[in-house]
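Here's the structure we're looking at; comments come further down.
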Amino acid sequence: MNMQNKTSVSLDWKNLPFEYVKTDYNIRYYWKEGKWSAGDLVSDEYLPLHMAAPALHYGQEAFEGLKAFGTADGRVVAFRPVENARRLRRSSERIFIPAIPEEMFLDAVHRVVDANRSFVPPYGTGASLYIRPLVIGTGARVGLGPASEYMFIIFVNPVGPYYKGGFKPVKALIVEQFDRAAPLGVGDCKVGGNYAAGLGGGQYGKERGYPVVLYLDSKEKRYIDEFSTSNFIAIRNNTYITSKSNSILPSITNDSLSIIARDMGMIFERRPVEVSELETFDEVGAVGTAAVITPVNLIRYRDREYVFGSGDRVGPVITKLYDRLVKIQAGDFEDKHGWLYEIT
Ligand code: COI
């Protein structure tokens, strides 16, 4: 059966928040004695977990985020899952989690989305099925060291926009009081600890009226690293600029948008971006899987405010990039780079 919304569950698809929703199945694999199990689809939302699991104490955990979409012709497609498989492999290597083979990752995505087909938001609703893979060290251990056993899980969750209001500009605050990651740390890996480290800065920003916060490099506080949940991009004339840093996440959305920008004839620059350049940018965005692009119309840095675009209107280039990406994801624009992976 590959018609995606024949049996859709009844949800308010157009007003979905970015919140947990229980679906029918998640998929689980266990790593024991040097190999991964075959993977079981289960309905239980809870994990049987030893209290001495290193994931709980020492943060031996890596995760991913990707999305699936319902297309106009009734297909269900996941967006660039191979890239997530590769990134999870890099994150896992860094924190001594056994590799999840690419084919196993893709098969897991396929099986869990297929099993939850009725939760794939219907085409045209603007919602998507967020796919959350995670791998955790489970084998009991008290001393510091990698676990002897692991669990790889994927659950799925129908979601609407990450920020309430969707594609609307937000204000950002540069938080120098907090670092998200260290220069030779794990900032370039999708591991839970980076997000825990970002909670303080996020809260500091929220209390001051800024929904998103931007981190500078932790060594010199001179270059722009990334936002708490997403990469930094800036548009200047016909150039797409994004930060190059060892401590930021290699965002698949950023990569996709930069390819789209080049397809549209723009120049692409990935390089250290000095905070002093802020005044030269026409448009700024925060880019990641969950939010796609969050346009940023103001950045506060110390006692200065840098304003981008005009008021609440999203800049023209970011609008074009966003439109093109969401059209490709929904199957409404030629997928010339082969980014869509069909859940048959
Ligand atoms: C994503 O953009 O997919 C992320 O992983 C950010 C997360 C905080 C939802």
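Can you list the residues, at least 5 places off or on another chain, whose amide H is less than 5 Å from the amide H of Phe268, using H built in the peptide plane?
Tyr240
State the Cα centre-to-centre distance between the stretch 17-71 and the stretch 167-195 in whole Å.
Their Cα centres are 24 Å away from one another.
So how do 177-186, 10-19 stack up, highest first, on mean other-Cβ count within 10 Å?
My ranking of the peptides, most packed first, is 177-186, 10-19.
To the nearest 20 debye, what is the magnitude of the charge dipole of the chain about its Cα centre, counting +1 on the Cβ of each Lys and Arg and -1 on the Cβ of each Asp and Glu?
220 debye
Restricting things to Cα coordinates, could you compute the convex hull volume per residue of the stretch 170-329 in Å³?
So the per-residue Cα hull volume is 102 Å³.
Return Glu103, Glu176 ranked ascending by Cβ neighbour count within 10 Å, so the fewest neighbours appear first.
Exposure proxy ranking, most exposed first: Glu103, Glu176.
Beta carbons within 10 angstrom, averaged per residue: use that to sort the peptides 86-95, 154-163, 273-282, highest first.
Top to bottom by mean Cβ count within 10 Å: 154-163, 86-95, 273-282.
Using label points projected 7 Å from each Cα along Cα→Cβ, tell me how many nm separate Glu19 and Val142, to one decimal.
Result for the modelled spin labels: 4.1 nm.
Can you compute the charge dipole magnitude of the stretch 165-301 about its Cα centre, using +1 on each Lys and Arg Cβ and -1 on each Asp and Glu Cβ, nothing else charged? Give it in debye, rounded to the nearest 20. Each step should come with its number before you reach the end.
Values: 15 positive and 16 negative charges, 48 e Å.
The dipole of the stretch 165-301 has a size of about 220 debye.
Any idea what diffusion coefficient the stretch 9-149 gets from Stokes-Einstein, in µm²/s, Kirkwood Rh on alpha carbon pairs, 37 °C, 0.692 mPa s?
200 µm²/s
Before anything else, pin down the relative contact order of the stretch 170-329: Cα pairs under 8 Å, at least 6 apart, normalised by residue count, whole percent.
Numbers: 324 pairs, mean separation 37.0, N = 160.
23 percent.
Loop only by DSSP, 12 or fewer other Cβ within 10 Å of the Cβ. Give me the GluC sites (Glu not before Pro) in the stretch 37-83 that pass, ordered by residue number.
Of the GluC sites (Glu not before Pro), the ones in loops of the stretch 37-83 whose Cβ has at most 12 other Cβ atoms within 10 Å are Glu45.
Considering the options Ile299, Phe96, Ile235, tell which one lies farthest towards the positive end of the dipole of the chain, charges being +1 on Lys and Arg and -1 on Asp and Glu at the Cβ, about the Cα centre.
In the chain, that residue is Ile299.
Net charge near Ile131, counting Lys/Arg +1 and Asp/Glu -1 over other residues with Cβ under 10 Å of its Cβ? Display every interim value, and only then the final one.
Numbers: positive: Lys67, Arg132; negative: Glu64.
Taking every Cβ under 10 Å from that of Ile131, the sum is +1.
What is the fewest-to-most order of Arg302, Arg75 by other Cβ atoms lying within 10 Å of their Cβ?
Ordered from fewest to most neighbouring Cβ atoms within 10 Å, Arg302, Arg75 come out as Arg302, Arg75.
Quick one: if you take sqrt(5λ) for each eigenvalue of the C-alpha gyration tensor of the chain, what semi-axes come out, biggest first, whole angstrom?
Largest first, the chain gives 32, 26, 17 Å.
None of the figures in this text is laboratory data; all of them are computed from the coordinates on show. What you are looking at is a predicted structure, and each value in this text was computed from that prediction instead of being measured. Because the Cβ atoms are built from the backbone with ideal geometry, glycine has one as well, and the counts that use them run over all protein chains shown.
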